[in-house]
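Structure first, commentary second.
The values are calculated or read from the model by the stated rules, or taken from the named source; none is laboratory data. Values in this document were obtained by computation on a predicted structure and should not be read as measured data. All Cβ positions, glycine included, derive from the backbone under ideal geometry; neighbour counts span all protein chains shown. We work out accessible area using only protein heavy atoms, side chains counted, and drop any ligands, DNA or RNA first. Shrake-Rupley method; radii C 1.70, N 1.55, O 1.52, S 1.80 Å.
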Amino acid sequence: ALTATALVRLADEGRLDLDAPIQKYVPAYPEKQHPVTTRQVAAHLGGIPALPAERLRALHCAHPDEAIRSFAALPLSRIPGTRYLHSTPGYVLLSAVVAAACGQDFVSCLQEKVFRPAAMTSTALDDPRAPAPRMAVPYVRGWLSMLAEAPAVDNSCEWGAGGFVSTAEDLARF
């Protein structure tokens, strides 16, 4: 929802054409057998294949382009616009679209277009190397069903697909 909000704000400002091919904003993403638009990807109709979350979480990404390289060579899973398929990689691709249309990095653009206008002061990228203050601690059942702290998960490659942490208050402001 945060990425989609930034897309709509940029489109309203005339800085983003939702119906242009995705390569207009992310030239490193290879052309596919059918053209794919930002609007289609945002609606999960772009045919961008879904990947197991573990594939992206096995990497650490300092920039969306690093995550995009992990799936860019894959063929489309269907003809764009024909069938819904929830695609985390599609929203990772949209984070690069937002950055290109905004003219700054993805996080700075979200700060400007979404977080500041909504007074969201406690929302940030989820980085296990620098956990947010007062972050809830997840637990898993371990040996003999005893609770143990869950291992950290690296969401850095999920960027626009949900790699953020927030508070209930910030989400209510949103």
Cα principal axis extents for the stretch 23-79, largest first, Å: 29, 22, 19
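Applying 1/(1 + (r/R0)^6) with R0 = 45 Å to the Cβ-Cβ distance of Ala168 and Ala28, what FRET efficiency is obtained, to the nearest 0.05? Kindly include the intermediate steps, with their values, before the conclusion.
On the way: r = 37 Å, r/R0 = 0.82.
In this case the efficiency is close to 0.75.
Specify whether the C-alpha gyration tensor of the stretch 59-147 places it in the rounded, prolate or oblate class, a ≥ b ≥ c being the square roots of the eigenvalues: rounded for a/c under 1.5, otherwise prolate if a/b is larger than b/c and oblate if not. Display every interim value, and only then the final one.
Working: a/c = 2.09, a/b = 1.21, b/c = 1.73.
The shape class here is oblate.
Quantify, in whole percent, the carbon and sulfur part of the accessible surface of the stretch 30-123 (1.4 Å probe; protein heavy atoms only). Walk me through the numbers on the way to the answer.
Numbers: 2350 of 4300 Å².
Roughly 55 percent of what the probe reaches on the stretch 30-123 is carbon or sulfur.
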Nearest-ten-degree value, helix 88-102 long axis tilted from longest Cα axis of the chain: 70
Distance in nm between pseudo-label sites at Leu74 and Ala43 (7 Å out along the Cβ direction from Cα): 2.2
Scattering profile of the chain at q = 0.10 Å⁻¹ [log10 I(q)/I(0), Debye over alpha-carbon scatterers]: -0.41
For the chain, calculated [θ]222 nm from helices alone, where every DSSP H run of n ≥ 4 adds -39500 (n - 2.57): -8000 deg cm²/dmol
